[in-house]
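The values are calculated or read from the model by the stated rules, or taken from the named source; none is laboratory data. Please read all numbers here as calculations on a predicted model, not as lab measurements. Because the Cβ atoms are built from the backbone with ideal geometry, glycine has one as well, and the counts that use them run over all protein chains shown. Heavy atoms of the whole protein, side chains included, go into the accessibility calculation; ligands, DNA and RNA do not. Shrake-Rupley method; radii C 1.70, N 1.55, O 1.52, S 1.80 Å.
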Amino acid sequence: MKDILHAPFVEEMIDITANMYRLGWDERNGGNISVMLDPDEVAQYLDPDNVIRTIPTGFEAKPLIGKIFLVTGTGKYFRNIPKFPERDLGIIRIAPDGTTAELLWGYSDGGRFTSELPAHLMSHMSRLAVNPDNRVILHCHPTYTLAMNFVHPLEEKAFTHTLWEMCTECLVVFPDGVGVLPWMVCGNNEIGEATAEKMKQYRLVVWGMHGLYGAGKDIDEAFGLVETVEKAAQVYMLIGDRPRINTIRDEELVELGKAFGLDYRKDFLNL
Ligand code: 13P
Ligand code: ZN
């Protein structure tokens, strides 16, 4: 067996969580990530028949039976993951009943997966139905996006449109726009179901006055989506209440869409 601490998927998780902490998006235990792993790759590092313990998930995830995920632990600080990966991360497999997680590695202090597992696994189901290559769901509390939530309408068309106006690249990076949920209690099945419903059409979902979710085929895609939203939100917050004397006009966004051959949300423009 190879050493799991040097598995590329563990090293990448350590790298991205440390990076996100440094960006200030994951204070204390804020944020969580789940990555679907390739069972053949996992078998190079772990005996798949060795289940350390089982943990009920509290919801049914039938389409994910047998799937294996690397998931951040609940209450764990992203800041500490590089030092204590085996304590603060875990690898789980969804058992044949669809409602139990089989722990294959990690959570070594008796811990468990993120409290946002419903939002993660339900979102995996939604994204996989749209794109079978989806592997990653990533949640964090990016500062400027959160700030923007308090001063901008929490409405999908308006929110997406403002972000598109803030950086030319936004339309290119997330032509499908940003889904928005109102403020809700977090850590339960209800917000999980609401997130997953949005994930049927969006790779990005704002949790009103809480944070942001990104989905992608790999960590680069999910992270790249979130950092692009965060950059645009930063520009928006830097502009503040000052009168805007220049802007990217909707006609220009149309030109951009044509130039890049984008399938974007045309109904999100004001034309
Ligand atoms: P967990 O520590 O359970 O992952 O929760 C952090 C968080 O961001 C809640 O939304
Ligand atoms: Zn959160």
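R87 fulfils the conditions (1) open to solvent by 20 Å² or more (accessible area, probe 1.4 Å); (2) outside any helix (DSSP H, G or I) except for a single criterion, (2). Would you confirm, using the coordinates I've provided, whether K217 is of a type in the set (K, R), under 16 Å from H124 (Cα atoms) and at pLDDT 95 or above? Spelling it out, K217 is indeed of a type in the set (K, R), under 16 Å from H124 (Cα atoms) and at pLDDT 95 or above. Evaluate the following for A129: is it modelled with pLDDT of 95 or more, within 17 Å of the chain's Cα centre (by Cα) and open to solvent by less than 40 Å² (accessible area, probe 1.4 Å)? The answer is no for A129.
Answer with yes or no whether T74 is of a type in the set (S, T, N, Q) and free of Cβ contacts under 8 Å to residues at least 60 places away in the same chain. When the stated conditions are applied, T74 passes them.
Conditions tested, residue by residue: (1) open to solvent by 70 Å² or more (accessible area, probe 1.4 Å); (2) within 16 Å of ligand 2 (Cβ to nearest atom).
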{"position": "T168", "(1), (2)": "yes, no"}
{"position": "L171", "(1), (2)": "no, no"}
{"position": "V180", "(1), (2)": "no, yes"}
{"position": "G187", "(1), (2)": "no, yes"}
{"position": "E193", "(1), (2)": "yes, no"}
{"position": "R203", "(1), (2)": "no, no"}
{"position": "I219", "(1), (2)": "no, no"}
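For every residue, the table says whether it meets (1) out of contact with any helix residue (DSSP H, G or I) (no Cβ under 9 Å at 6 or more places or on another chain); (2) within 13 Å of ligand 1 (Cβ to nearest atom); (3) not polar (S, T, N, Q).
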| residue | (1), (2), (3) |
| --- | --- |
| C186 | no, yes, yes |
| N189 | no, no, no |
| G192 | no, yes, yes |
| M209 | no, yes, yes |
| A232 | no, no, yes |
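Checked against (1) within 16 Å of ligand 2 (Cβ to nearest atom); (2) exposed (fewer than 15 other Cβ atoms within 10 Å of the Cβ), P153 passes all but a single condition, namely (1). Looking only at segment 68-91, count every residue that is of a type in the set (A, V, I, L, M) and in contact with a Ser or Thr (Cβ under 9 Å, 6 or more places away or on another chain) and tell me the total. Within segment 68-91, residues that are of a type in the set (A, V, I, L, M) and in contact with a Ser or Thr (Cβ under 9 Å, 6 or more places away or on another chain) number 4. Considering only residues in segment 8-65 that are in a strand (DSSP E or B) and over 30 Å from E227 (Cα atoms), the one that is least open to solvent (accessible area, probe 1.4 Å) turns out to be I55. Of the numbered criteria (1) more than 28 Å from F113 (Cβ to Cβ); (2) assigned to a loop (DSSP other than H, G, I, E, B); (3) without any contact (Cβ under 8 Å) to a residue 12 or more places away in the chain, the one T247 fails is (3). From the list T160, T143, T100, the one residue that fits, being open to solvent by 30 Å² or more (accessible area, probe 1.4 Å) and over 15 Å from the mean Cα position of the chain (by Cα), is T143.
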